[in-house]
Structure formats: structure tokens, C-alpha cells
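Step one of this worksheet: look at the structure below.
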Amino acid sequence: MALDKITTVQGTGVYVPGSDVDTDRIIPARFMKCVTFDGLGEYLFYDVRKHEDGSDKEHPLNDPRFKDATILIAGSNFGCGSSREHAPQAIYRYGFRAVIAESFAEIFFGNCVTLGIPCVVATGDDIKVLAAAVEADPTLAVTVDVDQCRVFFGDQSFTVHVPDSARDALISGKWDPIADLLESADEVSDRMQQLGYSA
Amino acid sequence: MGNGKSLFEKVWDAHAVRELSNGQTQLIIGTHLIHEVTSPQAFGMLRDLGLKVRFPERTFATVDHIVPTDESSEPFSDPLADAMIRELRKNAEDFGITYFDLSTGKQGIVHVVGPEQGITQPGTTIACGDSHTATHGAFGAIAFGIGTTQVRDLLATQTMAMSKLKVRRINVDGQLPPGVYAKDVILHIIAQLGAKGGIGYAYEYGGEVFDNFTMEERMTVCNMSIEGGARAGYVNPDDTTFEYLKGRPYCPGGDAWDAAVEKWRAFASDPDTVYDDVVNIRAEDVAPSVTWGISPDQGFSVTGTIPRPEEGETPAEQESIREALEYMKLEPGSPIKGTKIDVAFIGSCTNGRLSDFREVARFIKGRKVADGVKAIAVPGSQIVAKLCENEGLDQVFRDAGFDWRRAGCSMCLAMNPDKLIGDQLCASSSNRNFKGRQGSPTGRTILMSPLMVAAAAITGEVSDAREVFELTELSSKC
Ligand code: SF4
């Protein structure tokens, strides 16, 4: 199984402020009643984007200037709450290909990497600068360089943190571990027996 | 000194296959639990890749989130829910997986069913596409919540890629005061250590209080490890654990039982284990607890005063208090006691077991739910329902004005017809008070123990169960 090597993500950004944005806010539970992930993108941040009658609230994702954004910029502890992969799936299917935040919830982070969505950690100050730049010019090209652990925009850049294991997985095209896992099938069978799980 | 290993390390070492190229460990997951919400997409991916389920006998399925608790006949009135249950049935059949369907009498919330069937065992690894999987840690298992892609990995290989966690030992010593329950212990721990405090850790709960806890109490605490940020939480196995498991359908019997107990016991943390962190909590400091905000760590004693944003130590904290109070429509500086409630919910994988209903039933006999409050009691599994009904508890709840429902996740989250409407405020024995969690985008949740929910149901407002049920005298004899 050959996967793309994800070394950089280029696009435009949109800033969704707030800390502790949980998975229920990213994708409200009532939209999880589905047997495939297709179509989840349209419900991303639904309750903060829409009034109960379905009309738009004021929200960065409803702002036409940011409609083509592919890089999501967020606050701290982004993606906390549930382990549901519906949240990263909704983010991916909406069109985002990278997330820059002050920090990420652990399970959410892992789920994103497995989908090939780099999540990079920046300081609150750097995020403010980037958010202001994107607000001033929504067409500003933003590059998340996973390999070099830097974010570039306009003539500015800052360092971001990406845990080594996630970085290696993304840039070597091994972000989806299934190929690796399938390799040791025989050993797993032996160990399953030794541990008393299988006869 | 210090050569001892924790249970976490022992179980990890026993299940580690090898180091993967990304530095993570390939870990055998002995038991895989699945439900209707996070599994269908994984089966889809499996089919796309042309793969089979590698050890179908190690995966167990049940249906819980979408099951309506007020109707039993299929098709369900919600076509989406109906599609989900049919999909699970089909996948279980196609791949030869044991499925505790509605017709089996064994269906229920996955974290109630696993222990009840004796599938959950000490020294094992368990995973489920559900963040409350740590519940199973009560048995001395290492249990994680996983994403759908990892569900696929487990189906295909019975292994997953994972980075090792650190271990924080949390000791709770002393005697819990009357009216204080396991739920209060975990709400207290989360309020102390924060909703992010456990990131990167497995929590090992121990000390006098845990030694004396029943398995159901241990499950209540382990269940909410994730609300404290810890991906796994566990209690070392002991005689209480083995006694609970003895004779359960999936546990070894006869001679094999003694051998199993011996093996299980050896997994307990060694006395000279050096932990990555240790936290000590006095049982006497734990009070009947409630949340006041929209994150599980925004909680305190029911005697507390709703914080003012100025009390936040950092601007970010001040902002989150402000945001929480605005959403909860609570008045800063006033007591939380006396806050009017609209709905009372007793159930969920945190507090939907026999002992929860028994305890509440003891006190609500002869009392009535306040006018205007909708109160529902939802057993965590069909077996819990049956055990309660055998003891006549259902009638006690009905007489008090509760709806007695069928097993399911119900009002813990909004995937079935049990939902809040508008900005209704719910006194809830569940585990999450996130915005919109209980089905209405403006619905409000206050987390508390089942007895505190009962007190709120009866008085129509957030109340101190110790006062409502005159607990101090009563419990001094226990
Ligand atoms: S009861 Fe609530 S927390 Fe538990 S599995 Fe069901 S939805 Fe999840």
C-alpha cells in the first residue's frame, strides 16, 4: 500500500478562535448517524455556524472570503472530547488538509495523522500573528512545512512543533499504519495463542 | 528499590509485538468491542482493501447509542438509526462476530456488557471505538478508546500502532463522607487535575477507597478517565475483581479458573513500582459534586458558589469561565444549589448499573418527582434492566414519577430520541457536559451522582442529596 508522502501543505488559511473546541462542536453527535463518512463535511462546526432554522450565524467558515481555505488555524486543546473519527473526517471532507493550533487533544491528533492531516503546534503569539495576516489578506498563501517544522506565510515564518513519530509517518508516507501492521501476521498469531486469546 | 513494574508496563510488555518504523509500538489488542456508530465505516474500509477479520472470535458487538429506549419494535421510526442497526447485524454475520443483539436479552451499552459477560478480564488489552473504553480498566485491563481507522486495523490484524503512556498513580485514602459516591471521587479528581491533566498518561487509581470499592464503583471512576484527559485508567485486580468475574459466561471455569486467577493476580503493580507521577487525595475532601460549566473539570462541591470570570487565574481561564456561564445561563457569585432543572437523567455507562439504581431506589421510595420535571431512568443493559425488575426497582422508580426505560445510551448523547429541547437544564448521571451534548444545541447539562440527580428530580432544583435524604444520620451506621 503506497501512500503519498506529506512533506508540505500549501493553501490559504482560516482562523477559528477559541480554546477547548471539542469534538461535539466540530461535529455535533446527531450528525454521526451515518454508515459512511461521505458528506460529513457540510456539518463541520454546524451548531456554531448555523441557527436552529438552518440560516447562517456569523462564523469564519461562513465568510465567503475564506471559503477556499484548506488550512485550519485554531486555539489550544483543539479536538478534545470524544475519540470519534467523525471529527477529523468532517475536517478533511470539508476540505482542510492541515491544522495549526496551540495544542491538540491526543486522540484527535492521532486520528488526524492516520488520515494524513498534519497537525502542527504553534505558540499563541505566532497564531495571533498568522490569524491577523490571514484576516488582512484571505488569499495569503500559507505553507505548512512538515519536514522543516515551519509555517511560511507572506514574507514571515515561524517554527512549529510536530512530534517525531507523526512527522516521520507523514513525510515517509507511512501515516496509515495498516501496511506495517499486516506484515507481522504470523508473529501475531503465535502471540495471540501464548496470551491465551486464541486456541 | 524501584525495579518493580506497574500493571500498565506488564500488560504493555506482554502485548507489544515490535517497534514500527515510526517509532510507535505494534500492540496486540486481545479484545475488541464494537458498536453501531464507529464500526460501519471501518468494515467499509476493510472491504475496500479486500481484507478479512483476522480473529473474529476476539471481537464482540452490541448496539447502544442509537437504540430508542421507549420503543422495542423494529423498524425504528428513525430510518438512519434503522440503517445503522441493520448494517451492524450484517457486518457481524458476514464476518462471524458475536453480536449481542436486541433479541438476545444481553444487549446494552458496550461498557456495561463487556464486564457483565466476563469478556473484560485482568491483564488484557481491550479497545473500542468509543472514548469511555477505559471503563474496563476497573478490572486491571489496559483499555483504550480508538478511532475508526484503528477499528479497521484491529479487525484486520488484531493489533494497532500506539505510543506508550506514562503512568500516574492517584491514591485516595481515608473514608468517604456520607452521601459521597464514586462519581464524586472522579469529578473531584478531574476538577483537581484538570480536563487536560491526564494527557499522555494512564491513571492508576488506588488507595483505601479503591480497595473498598465494588467493581461497579471502580467502573464509574475508570469510565471518566478520559474526561480528565487520560486515555486509559485502571485499578489493580484483587479479590473483589475475581469474585465479580467468577461464573460469568466468558470467564474460564473449573480448574482453569484457579490458573486464571493466579495469572491475573500477577499483573497487579509491584509494591516498589516507581510511577511517573503520584497524586494523593484525602477521601474526606471529596464532597457531593456538580459541574457548573461546559467542561467536566468545571465542577465543585454542591455547596459551592458559581465562580466569577475575574476569579480565573489567566485571561484564558477567565474567558472560559465567561463562556461557560453564558452558555449555562448561570449567575456568577450565586450558589449552584437552587438552580432550577427541567430534566433528570439516571443512566449511561458511568452510572447505569444495578448498584446505581438500587442506591437511588432506597431513597426515593415514597417521594415524588417535582412538577414540571421530566425524569428518566435508563438501565445500562438488558441484564441490568432484568436484575432491577426482579427486585421491583422499576416500580419504585415509576411510583416516584420516573420513566423506566429500555437499555441504551439514551440521554447521554443525542443519537436517539431522548434529547433535551431548547435550553432545558438536565441533572445528569452521565459523563459529559459539553455544549449540545444532550441533543439540543443550547441544552445544558449538570453532571452529578445518581443520588444527586434523584435529589434534584424531587426538589426540582440542584440540591444537596445529604439534606434531601437526611443522609448524615442514616449513613453513619453504614
Ligand atoms: S452511555 Fe454515553 S458515554 Fe457511554 S457509551 Fe453511551 S454515549 Fe458513550
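The values are calculated or read from the model by the stated rules, or taken from the named source; none is laboratory data. Source: prediction; values computed, not measured. As a convention, Cβ positions derive from the backbone with ideal geometry for all residues, glycine included, and neighbour counts pool all protein chains shown. Note: accessible area is taken over every heavy atom of the protein model, side chains too, but ligands, DNA and RNA are not part of it. Shrake-Rupley method; radii C 1.70, N 1.55, O 1.52, S 1.80 Å.
Where residues in segment A:76-115 are within 23 Å of residue B:296 (Cβ to Cβ) and among the aromatic types (Phe, Trp, Tyr), which of them is farthest from the other protein chains (Cβ to nearest Cβ)?
Restricting to residues being within 23 Å of residue B:296 (Cβ to Cβ) and among the aromatic types (Phe, Trp, Tyr), the top hit is A:78.
Suppose the filter is closer than 28 Å to residue A:191 by Cα, in contact with a helix residue (DSSP H, G or I) (Cβ under 9 Å, 6 or more places away or on another chain) and in a strand (DSSP E or B); does residue B:51 pass it? If you could, list the steps in order and put the result at the bottom.
On the way: closer than 28 Å to residue A:191 by Cα: yes; in contact with a helix residue (DSSP H, G or I) (Cβ under 9 Å, 6 or more places away or on another chain): yes; in a strand (DSSP E or B): no.
No; evaluated as a whole, the condition is false for this residue.
If we scan segment B:119-131, do we find a residue that is within 16 Å of the ligand (Cβ to nearest atom), of a type outside the set (S, T, N, Q) and closer than 14 Å to residue B:205 by Cα? Give the derivation first.
At the first step, the residues of segment B:119-131 found to be within 16 Å of the ligand (Cβ to nearest atom) are B:119-120, B:126-131.
Subset that is of a type outside the set (S, T, N, Q): B:119, B:126-130.
Now narrow it down to the ones that are closer than 14 Å to residue B:205 by Cα: none.
No, segment B:119-131 contains no residue that is within 16 Å of the ligand (Cβ to nearest atom), of a type outside the set (S, T, N, Q) and closer than 14 Å to residue B:205 by Cα.
If a residue counts only when it is within 29 Å of residue B:98 (Cα to Cα), which strands (runs of 3 or more DSSP E) contained entirely in segment B:226-294 have at least 2 such residues? Full working, then the answer.
Working: elements: B:232-235, B:277-282, B:289-291.
It comes to B:232-235.
I need the full set of residues from segment B:77-90 which are more than 10 Å from chain A (Cβ to nearest Cβ) and either in contact with a strand residue (DSSP E or B) (Cβ under 9 Å, 6 or more places away or on another chain) or open to solvent by less than 10 Å² (accessible area, probe 1.4 Å) (or both), in order please.
Within segment B:77-90, B:85, B:89 meet the criteria.
Are any residues in segment A:186-199 more than 7 Å from chain B (Cβ to nearest Cβ) and within 35 Å of the chain's Cα centre (by Cα), and if so, which ones?
Going residue by residue through segment A:186-199, those that are more than 7 Å from chain B (Cβ to nearest Cβ) are A:186, A:189-190, A:193-194, A:196, A:199.
A:186, A:189, listed by residue number.
With the structure loaded, tell me whether residue B:167 is closer than 30 Å to residue A:178 by Cα, outside any loop (DSSP other than H, G, I, E, B) and touching a Phe, Trp or Tyr at 6+ places or on another chain (Cβ under 9 Å) or whether it fails that test. Reasoning before the result, please.
On the way: closer than 30 Å to residue A:178 by Cα: yes; outside any loop (DSSP other than H, G, I, E, B): yes; touching a Phe, Trp or Tyr at 6+ places or on another chain (Cβ under 9 Å): yes.
It is true that residue B:167 is closer than 30 Å to residue A:178 by Cα, outside any loop (DSSP other than H, G, I, E, B) and touching a Phe, Trp or Tyr at 6+ places or on another chain (Cβ under 9 Å).
Tell me the residue from B:41, B:121 that is under 25 Å from residue B:143 (Cα atoms), assigned to a loop (DSSP other than H, G, I, E, B) and in the same structural domain as residue B:157 (by TED's automatic domain parsing), please.
On the way: B:41 fails: assigned to a loop (DSSP other than H, G, I, E, B).
Testing whether each residue is under 25 Å from residue B:143 (Cα atoms), assigned to a loop (DSSP other than H, G, I, E, B) and in the same structural domain as residue B:157 (by TED's automatic domain parsing) leaves just B:121.
Collect the residues in segment A:19-58 that are touching a residue at least 24 places away in the same chain (Cβ under 8 Å), of a type outside the set (Ser, Thr, Tyr) and more than 8 Å from chain B (Cβ to nearest Cβ), keeping them in residue-number order.
Of everything in segment A:19-58, those that are touching a residue at least 24 places away in the same chain (Cβ under 8 Å), of a type outside the set (Ser, Thr, Tyr) and more than 8 Å from chain B (Cβ to nearest Cβ) turn out to be A:21, A:26, A:27, A:31, A:38, A:39, A:40, A:41, A:42, A:44, A:45.
What's the number of the only condition in (1) within 7 Å of another protein chain (Cβ to nearest Cβ); (2) under 16 Å from residue B:17 (Cβ atoms); (3) hydrophobic (A, V, I, L, M, F, W, C) that residue A:169 fails to meet?
Tallying (1) within 7 Å of another protein chain (Cβ to nearest Cβ); (2) under 16 Å from residue B:17 (Cβ atoms); (3) hydrophobic (A, V, I, L, M, F, W, C), residue A:169 fails exactly one: (2).
So, in segment B:338-376, of the ones that are open to solvent by 30 Å² or more (accessible area, probe 1.4 Å) and within 25 Å of the chain's Cα centre (by Cα), which residue ends up nearest to the ligand (Cβ to nearest atom)?
Once the filter is applied, the top-ranked residue is B:355.
Based on this model, can you work out whether residue A:156 counts as in contact (Cβ under 8 Å) with a residue 24 or more places away in the chain and either open to solvent by less than 20 Å² (accessible area, probe 1.4 Å) or of a type outside the set (Gly, Ala, Ser) (or both)?
Values: in contact (Cβ under 8 Å) with a residue 24 or more places away in the chain: yes; either open to solvent by less than 20 Å² (accessible area, probe 1.4 Å) or of a type outside the set (Gly, Ala, Ser) (or both): yes.
Yes.
Here's the yes/no breakdown for (1) modelled with pLDDT under 95; (2) within 11 Å of another protein chain (Cβ to nearest Cβ); (3) open to solvent by less than 10 Å² (accessible area, probe 1.4 Å):
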| site | (1), (2), (3) |
| --- | --- |
| B:425 | no, no, yes |
| B:432 | no, yes, yes |
| B:444 | no, no, no |
| B:449 | no, no, yes |
| B:474 | yes, no, no |
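Taking segment B:110-140, which residues are at positive phi and open to solvent by 10 Å² or more (accessible area, probe 1.4 Å)?
Residues of segment B:110-140 that are at positive phi, as a first pass: B:118, B:123, B:140.
Those that are at positive phi and open to solvent by 10 Å² or more (accessible area, probe 1.4 Å): none in segment B:110-140.
Which condition from (1) among the acidic types (Asp, Glu); (2) open to solvent by less than 10 Å² (accessible area, probe 1.4 Å); (3) within 12 Å of chain A (Cβ to nearest Cβ) is the one that residue B:64 breaks?
Condition not satisfied by residue B:64: (3).
State whether one or more residues within segment B:44-60 are under 30 Å from residue B:346 (Cα atoms) and more than 9 Å from chain A (Cβ to nearest Cβ).
Checked against the condition, which is being under 30 Å from residue B:346 (Cα atoms) and more than 9 Å from chain A (Cβ to nearest Cβ), segment B:44-60 yields at least one hit.
Would you say residue A:66 is open to solvent by less than 20 Å² (accessible area, probe 1.4 Å), closer than 22 Å to residue B:130 by Cβ and not polar (S, T, N, Q)?
So residue A:66 does not fit the description; no.
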